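Please read the structure below before turning to the comments.
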Amino acid sequence: MYIGPHLGQFVSSCGEVKDEFALKELLAEITPSLGFDQFALVSHVDLMKAKREAMVITSYHEGWIERSLLGNYYVDDPVHAASMRTVTAFLWSFIPTMIRLTRRQRQILEEAKPYGLAEGLTIPVQAPGEYRGSCSFGGSKAVELTVDLLGAAQLIGMFAFEAARRLQRARWLPGVEQPEVPALSQRELDCIDLVACGKTDPEIGVILGISRYTVRQYVDEAMRKYDVYKRTELVVRALFDGQICYRMLNGK
């Protein structure tokens, strides 16, 4: 299973990648550590007609890519459909409990198996005002969704998608200034740093000597400044912008 120091290195490297090839290499290196051997980071759009800002970085079998594109599988993709029902990582074997599968969706899942995609793990991602997307890892063997795997995959998927978004912005919108880094107070930074380390509001309150309600106010205000709706996304954005240092990932 993927452990702290290596996960920290992946996070750090995502912030330094200069092109899609480097990001693809990072994903290729980390995928086996999650128990899979293929990956796909994609925007949930028709990739045959999508705008140039749409993203796709994948190591899926070429035969499966061609089959899914030519068959317009994106319309009924069960993985994409299931990702609309949750904000956390999920195994593909859980999909029948998440959505009511149509005959075509069951067929898609079955047709993927010969291409080494019998089981998978998908992390849904959405940035305000942009396409929904996901980062998926697939393989031919069953995988147990442990707490460690869930946490590692969630971080990997979100950081990889954020890196891809920034690469796309730089490529297709070179004349557009990047959004300014939100100005956070020291207390907001302290709270985010501890959220990143897995602390709860009551625990953070004890550490900082404030009430849990005040902790929540600081975190909510930081999310408002970043225009995000999930704490995990707040942590990702703050880490990418260099506002905090994830001590847990760095093994400190």
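The values are calculated or read from the model by the stated rules, or taken from the named source; none is laboratory data. Source: prediction; values computed, not measured. Every residue, glycine as well, gets a Cβ built from its backbone with ideal geometry; the counts of neighbours run over all protein chains shown. Keep in mind that these areas ignore ligands, DNA and RNA; they rest on the heavy atoms of the full protein, side chains included. Shrake-Rupley method; radii C 1.70, N 1.55, O 1.52, S 1.80 Å.
Points to keep in mind about this one:
- The set of residues in segment 15-45 that are open to solvent by 30 Å² or more (accessible area, probe 1.4 Å) and under 24 Å from E144 (Cα atoms) comprises A28, E29, P32, S33, G35, D37.
- Near pairs, Cβ below 6 angstrom, 6+ apart or cross-chain, from segment 194-210 (without any contact (Cβ under 8 Å) to a residue 12 or more places away in the chain) to any residue that is assigned to a helix (DSSP H, G or I) and of a type in the set (A, V, I, L, M): G205/V215
- Qualifying residue in segment 72-79 (condition: touching a strand residue (DSSP E or B) at 6+ places or on another chain (Cβ under 6 Å) and open to solvent by 30 Å² or more (accessible area, probe 1.4 Å)): no
- Residue match in segment 92-100 (condition: of a type in the set (V, I, T), open to solvent by less than 20 Å² (accessible area, probe 1.4 Å), farther than 12 Å from A40 by Cβ and at pLDDT 90 or above): yes
- Per the conditions (1) open to solvent by 20 Å² or more (accessible area, probe 1.4 Å); (2) within 22 Å of V11 (Cα to Cα), the sole criterion not satisfied by V236 is (1).
- Looking only at residues in segment 53-79 that are of a type in the set (D, E) and part of a loop (DSSP other than H, G, I, E, B), the one that is modelled with the lowest pLDDT is E53.
- Of all positions in segment 119-133, none carries a residue that is modelled with pLDDT of 90 or more, open to solvent by 30 Å² or more (accessible area, probe 1.4 Å) and among the small types (G, A, S).
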